[in-house]
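Worksheet for the structure shown next.
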Amino acid sequence: MSQEVQPFSVDAAAAALLDARRSGTRLDALPEGARPGSEAEAYAVQDVLIRALGPVAGWKVGAPSATATPARAALNADTIFETDELPASLFHLIGAEAEIAYRFGHDLPPEAGPYDREAVLAAVATMHPAIEIADTRFTVFGAVDAHSQRADQQNHGVLVLGPGLSEWRDLDPVTQAVRLTVDGRVLHDHAGGNSAVDPVRLLVWLANEGARSLGGIKAGQVVTTGSCTGTDFVEAPTRIAAEFPGLGNVELKIG
């Protein structure tokens with residue numbers, strides 16, 4: 001006698017992740033019947049989760065190669081900061097990443113698309129150096145399946161923005177130099193480094209496809225475009241600095 005397959009529950013998955021975020025408890029895995037089996041199911045969970053947490057204030061977007069389909073996570077204001085110090089109690093794990101972020105000055109509603117590269121860039125107001133801290137609502141980072149990680153805002157912890165640069169057009173993110181320092185020790189110092197190679201391709205995908213289910217990219221939202229340095233897991237107390245010559249610097253003390 002075959003066992004009946006339990007239907008997937010978007011709400012149960014979102015509720016488990018929301019409870020983990022609010023309580024600080026960690027999940028070994030999502031409950032049976034609440035584990036997304038596709039990208040569409042993972043994004044459906046993510047969308048329910050972000051609506052419960054508050055309005056969309058930003059996005060993270062990335063891709064493992066120059067041609068791979070990007071992936072996104074919507075972010076709410078409670079995890080986006082313009083500060084140089086945060087308490088260690090915010091984190092289960094601290095995965096330091098140096099990133100380039102863009103703040104949009106104009107809406108890009110899905111119904112007005114599709115948008116080409118220039119149309120997307122024309123909507124950008126400022127470019128920012130950024131530090132994303134990768135974290136997880138699961139007990140072990142990266143131990144659950146990729147769709148569960150996608151549902152969990154793609155392992156997002158917090159995003160810390162440095163000062164915005166309004167005259168950014170002459171900067172090439174593909175060849176932008178970056179240095180990541182942790183507690184005074186240089187861990188990375190090179191040009192480029194983003195696995196997606198071109199961050200602007202990610203912005204175009206997000207405008208045309210990735211942000212569609214949540215109303216598109218809107219003015220004031222910030223989009224961070226993936227790590228230029230990989231992920232370095234560190235212990236608190238720690239001081240993380242990301243330097244992007246010509247773009248700016250951002251520092252974060254976690255203690």
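Computed quantities for the displayed model
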quantity	calculated
Odd one out for residue 83 among (1) under 27 Å from residue 230 (Cα atoms); (2) under 16 Å from the mean Cα position of the chain (by Cα); (3) not charged (D, E, K, R)	(2)
Odd one out for residue 60, checked against (1) within 22 Å of residue 159 (Cβ to Cβ); (2) modelled with pLDDT of 95 or more; (3) part of a helix (DSSP H, G or I)	(3)
Checking residue 75 against (1) among the aliphatic types (A, V, I, L, M); (2) within 20 Å of the chain's Cα centre (by Cα); (3) crowded, with 16+ Cβ neighbours inside 10 Å; (4) assigned to a helix (DSSP H, G or I), the condition it does not meet	(4)
Sole exception among (1) surrounded by fewer than 19 Cβ atoms within 10 Å (Cβ to Cβ); (2) assigned to a strand (DSSP E or B); (3) of a type outside the set (Lys, Arg); (4) touching a Pro at 6+ places or on another chain (Cβ under 6 Å) for residue 250, by number	(1)
Residue in the range 190-205 that is on the phi < 0 side of the Ramachandran plot, hydrophobic (A, V, I, L, M, F, W, C), surrounded by fewer than 22 Cβ atoms within 10 Å (Cβ to Cβ) and over 18 Å from the mean Cα position of the chain (by Cα) present	yes
Condition broken by residue 220, with the remaining ones in (1) over 26 Å from residue 94 (Cβ atoms); (2) outside any loop (DSSP other than H, G, I, E, B); (3) touching a residue at least 12 places away in the same chain (Cβ under 8 Å) satisfied	(2)
Contacts under 7 angstrom Cβ, first residue in the range 80-107 being under 22 Å from residue 255 (Cβ atoms), partner among the basic types (Lys, Arg), 6 or more apart	84/253; 85/253; 92/26
Residue in the range 12-23 that is of a type outside the set (Asp, Glu), surrounded by fewer than 22 Cβ atoms within 10 Å (Cβ to Cβ), under 18 Å from residue 77 (Cα atoms) and at pLDDT below 95 present	yes
Residue 100 being more than 28 Å from residue 20 (Cα to Cα) and among the β-branched types (Val, Ile, Thr)	yes
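The values are calculated or read from the model by the stated rules, or taken from the named source; none is laboratory data. Note that the structure is predicted; figures quoted are calculated from it, not measured. A quick note on method: Cβ atoms are made from the backbone with ideal geometry, for glycine too, and the neighbour counts reach across all protein chains shown.
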